[in-house]
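So the structure is just underneath, and the comments pick up after that.
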Amino acid sequence: MAIAVQISRNGGPEVLELVQVEVGEPGPGEVRIVHKAVGLNFIDIYQRSGLYALPMPLNLGMEAAGVVEAVGEGVTHLRVGDRVAYASNPPGSYSEARVMPAMCVCRLPDGIDFETGAAMMLKGLTAQYLLKKCKPVEGLQPGDHVLFHAAAGGVGLIACQWAKALGLELIATAGSDEKCALALAHGAVHAINYREEDFARRVQEITVGRGVKVVYDGVGKDTWEGSLASLARFGLMVSFGNASGPVPAFAPAQLAAKSAYVTRQTLFTHIASREATQAMADDLFSVVQSGAVKIQIAQRYALAEVQQAHRDLEARRTTASSIFTL
């Protein structure tokens with residue numbers, strides 16, 4: 001038996017409950033992991049609220065690090081005792097231990113501790129596919145401007161550092177002067193407090209009217225129109241989250257003035273195979289171990305504090321990464 005966080009209906013943080021669950025033995029292609037630390041992400045809120053509908057009862061959580069306790073038939077890349085980390089479906093990482101598919105579970109390098117592993121997998125792999133795979137038709141070269149919303153969050157601070165390492169000129173947005181300063185300290189070249197400034201107008205000033213080649217937007221509804229206005233000709237609008245609510249319906253004709261491109265991305269299409277997951281994780285591990293990207297954990301909670309953790313994240317009171325310690 002293990003303690004896990006479960007919901008029996010969609011709703012606010014009050015629906016989150018600590019329950020005892022039976023862990024069981026891993027079947028073919030599965031492993032049993034004892035968690036040491038667990039990641040907190042906005043996708044957990046989407047699933048709790050019902051924005052992303054899933055069957056009930058639902059054990060929440062998409063990211064964790066720990067130790068392999070048992071290995072099912074057919075699993076060849078992991079052994080009992082391995083230190084591991086993952087970002088993976090199905091949900092269930094808010095727990096002391098779980099059985100899960102082994103496909104997206106990766107060995108954690110010795111130089112990366114459990115808390116860092118739990119804080120970096122979903123956010124770091126997201127930053128990896130955004131910067132390495134979501135490129136405009138004309139490509140990205142050192143010196144190019146890109147716009148990244150919510151840049152003081154977990155994904156954003158990783159992206160600020162990684163973009164700097166790639167030679168990109170990242171323009172950050174955030175909801176306070178303090179968060180803007182944090183983005184600048186992590187490699188952003190410019191930072192805009194979008195609660196006080198028209199970020200689209202400021203982007204045009206920074207780029208001398210050219211706009212940015214790519215907008216990476218995990219905020220959604222509140223930033224959508226300004227994001228489109230910030231694009232250069234043939235620019236790419238990358239929507240990857242809905243922190244302020246889903247993007248409203250729009251007419252494709254809105255893209256015509258700049259011949260712009262729009263894509264809606266999700267991490268889980270990028271890690272749909274064992275080989276792709278490992279290649280992306282290796283890239284992430286490498287950039288973290290090199291020191292070019294440092295994983296900052298700004299909030300730590302016990303599993304029993306899960307309701308407060310969700311309130312803090314939903315109210316945008318958090319910065320960097322948040323984890324549950326076990």
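The values are calculated or read from the model by the stated rules, or taken from the named source; none is laboratory data. Model, not experiment: these values are computed from the prediction. Methodologically, a virtual Cβ is constructed for each residue, glycine included, from the backbone with ideal geometry; neighbour enumeration extends over all protein chains shown.
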**Message:** Against the definition (assigned by TED's automatic domain parsing to the domain that holds Leu78, small (Gly, Ala, Ser) and closer than 18 Å to Gly124 by Cβ), how does Gly27 come out, yes or no?
**Reply:** no
**Prompt:** What are the residue pairs meeting all of these: first residue in the stretch 31-59, first residue under 26 Å from Leu78 (Cα atoms), second residue in a loop (DSSP other than H, G, I, E, B) and among the polar types (S, T, N, Q), Cβ atoms under 6 Å, and 6 or more apart or on different chains?
**Reply:** Val38/Ser93
**Prompt:** Across the stretch 300-324, what is the total count of residues that are part of a strand (DSSP E or B) and over 17 Å from Gly124 (Cβ atoms)?
**Reply:** 4
**Request:** Could you check Asp198 against (1) surrounded by fewer than 21 Cβ atoms within 10 Å (Cβ to Cβ); (2) in contact with a His (Cβ under 6 Å, 6 or more places away or on another chain); (3) not hydrophobic (A, V, I, L, M, F, W, C) and say which number it fails?
**Result:** (2)
**Message:** For the stretch 238-260, check the following and say yes or no: at least one residue is assigned to a helix (DSSP H, G or I), among the hydroxyl-bearing types (Ser, Thr, Tyr) and under 21 Å from Cys134 (Cβ atoms).
**Reply:** no
**Asked** When only residues in the stretch 68-101 that are in contact with a Pro (Cβ under 8 Å, 6 or more places away or on another chain) and among the small types (Gly, Ala, Ser) count, which is nearest to Ile7 (Cα to Cα)?
**Response** Ser88
**Request:** State yes or no: is Val214 under 18 Å from Ala151 (Cβ atoms) and in a strand (DSSP E or B)?
**Result:** yes
**Fill in**
Of the listed residues (Leu147, Leu108, Leu130, Leu78), the one being out of contact with any helix residue (DSSP H, G or I) (no Cβ under 8 Å at 6 or more places or on another chain) and at pLDDT 95 or above is Leu78
**Of the criteria (1) assigned to a helix (DSSP H, G or I); (2) buried (at least 16 other Cβ atoms within 10 Å of the Cβ); (3) under 18 Å from the mean Cα position of the chain (by Cα), which one Thr269 fails** = (2)
**Request:** Kindly indicate whether any position in the stretch 247-262 is at pLDDT 95 or above and crowded, with 18+ Cβ neighbours inside 10 Å.
**Result:** yes
**Message:** It is to be established whether one or more residues within the stretch 219-242 are among the aliphatic types (A, V, I, L, M), at pLDDT 95 or above and surrounded by fewer than 19 Cβ atoms within 10 Å (Cβ to Cβ).
**Reply:** yes
